[in-house]
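Notes to accompany the following structure.
The values are calculated or read from the model by the stated rules, or taken from the named source; none is laboratory data. Because the structure is predicted, anything quoted here is derived from the model rather than measured. Quick reminder, even Gly has a Cβ in these numbers, built from the backbone with ideal geometry, and neighbours come from all protein chains shown. SASA here: full protein model, heavy atoms, side chains in, ligands and nucleic acids out. Shrake-Rupley method; radii C 1.70, N 1.55, O 1.52, S 1.80 Å.
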Amino acid sequence: MMESWQTIMLIGGIVVVCAAILPRRAASVKQDDSTQTVRNMETALEQFMENMEADNRELADLVSKSAREAQLQTKKRDERIEQLENRCAELEQLLAAQANLYDAASVRQQPVVQPLSNIEPISEADPAVPEESSLSIRHRYAELFELYQSGKSIDAIAKKLGRNKGEVQLILQLSKQEEAARHE
């Protein structure tokens, strides 16, 4: 049989040989693992890039869709502005015509000083009396002017009266013009 020192030497030799062989196997396993890791990372990066490209395409589509919608809204606004400008011009012409009728009617009226007992009631068909439509803007839109003078905003007035904001602004502007024309 072997002596104990020989057994220890034999076991020590086996350990040294195993220690020399095992790191080489572990290194090759590590090399395989690192190669696999690199492949996995490349695959992950490729998937990430594909996702980024898809997201960029979606974003570009959204931007172009938003641009088209903005152009469409701008076109609609322009058409609406044109309609409102035409309506404003029509209202100004109507106001001018009514002012002319009012002026003509007031010229036809002869101021006569009579005692109250001699005054006869005026018939509605009398051309010397201006029609209700030729009354001042302040009389025709009394509620609007009451709200405006009480400090309400144009938006609030438009909502309360069920009118367009531009229409309320137009009435206020025409009233100012009418007052300026009366003072001249």
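The listed residues 18, 88 rank as 18, 88 when sorted by accessible area, largest first, using a 1.4 Å probe.
Summing Lys and Arg as +1 and Asp and Glu as -1 over all other residues whose Cβ lies under 12 Å from the Cβ of residue 61 gives a net charge of +1.
Accessible-area rank, largest first, for 168, 38: 38, 168, with all protein chains present and a 1.4 angstrom probe.
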